[in-house]
Amino acid sequence: MEQAKLKEADLYEPIQKYFKRKGYDVYGEVKDCDVAVIKDDLLIIVELKLNLSVDLLIQATKRQRLSEHVYIAIPKPKKFKPRSKKWRDICHLVQRLELGLILVSFLGERKRVEIILEPTPFQRPVSRGKAKYLRQAIIKEIDGRSADYNTGGSNRQQIMTAYRENCVQIACYLEQHGELSPKQLIRMGTGKKTQSILNKNYYGWFVRVKRGIYVLSDKGKLEMNAYPELLEYYRKTETRE
């Protein structure tokens, strides 16, 4: 027998029973609020939807004018993956909005309510502290680029990172001057990662011809030409002691 299609109203009964067991009075459809939960002076508002959407988030944040305790409630996804990046990002957004999140499971006649997030104030200083290393990484990456060679939003195209640019710079100098040592390249301005880049040879652009001496590989000669702007820039800005 085909299961009846779920409706928003199906979420009401399990949520009503959940809060009633905790000693709250529960009322449906009060002044445009899907669910109003009250105990003494504490007012909780729950907004019901079948999917977590922008419209639901907007609706819930509007309810925050009426109460600090606002939850959004949705059916628990069939393929619920709490450790997935997508779900963690969703939870982060809900937390940033200082909303609570309720998942309702429908297992035959059984219905289960899970409070995933409480509607608590978002700790911005704590969040910034945790992301401090990411901020530093962004600034470091920007400092390692000579200019903007990428188009924002074009993540499917090859991205010019600071590392790739450093490789192009080394390739440019090897093309111009032939055999060079890491020390010579560093004096020309390739930076302190030069030795590591040559050793790892991630793109296969470099060949060690003897101890401490490198040249540009055939692969490097071919592929470096994909970056004419960078090559022109480094040919003009090369420094030597």
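Computed from the coordinates by the stated procedures, all read-outs in this text should not be read as laboratory data. On a predicted model such as this, the values are computed, not experimentally measured, just so you know. Every residue, glycine among them, receives a Cβ derived from its backbone with ideal geometry; neighbour counts consider all protein chains shown.
Among rounded, prolate and oblate, which fits the stretch 1-67 when a ≥ b ≥ c are the square roots of the eigenvalues of its C-alpha gyration tensor, a/c under 1.5 means rounded, and a/b larger than b/c means prolate? Taking the square roots of the gyration eigenvalues as a ≥ b ≥ c, the stretch 1-67 is oblate. Loop-located chymotrypsin sites (Phe, Trp or Tyr not before Pro) across the stretch 80-114 with a Cβ neighbour count of 13 or fewer within 10 Å are PHE80, with loop assigned by DSSP.
Antiparallel versus total DSSP beta bridges in the chain: what percent is that, nearest 5? Beta bridges within the chain, antiparallel portion: roughly 70 percent. Global dimensions of the stretch 61-125 from alpha-carbon coordinates: Rg and Dmax equal 13.0, 44 Å. Among the GluC sites (Glu not before Pro) in the stretch 1-93, those placed in a DSSP loop whose Cβ has at most 15 other Cβ atoms within 10 Å are GLU2, GLU68.
Largest first and in whole Å, the equivalent-ellipsoid semi-axes of the chain read 60, 19, 15, each the square root of five times a Cα gyration tensor eigenvalue.
With all projection directions averaged, the alpha carbon convex hull of the stretch 8-125 covers 7.9 nm².
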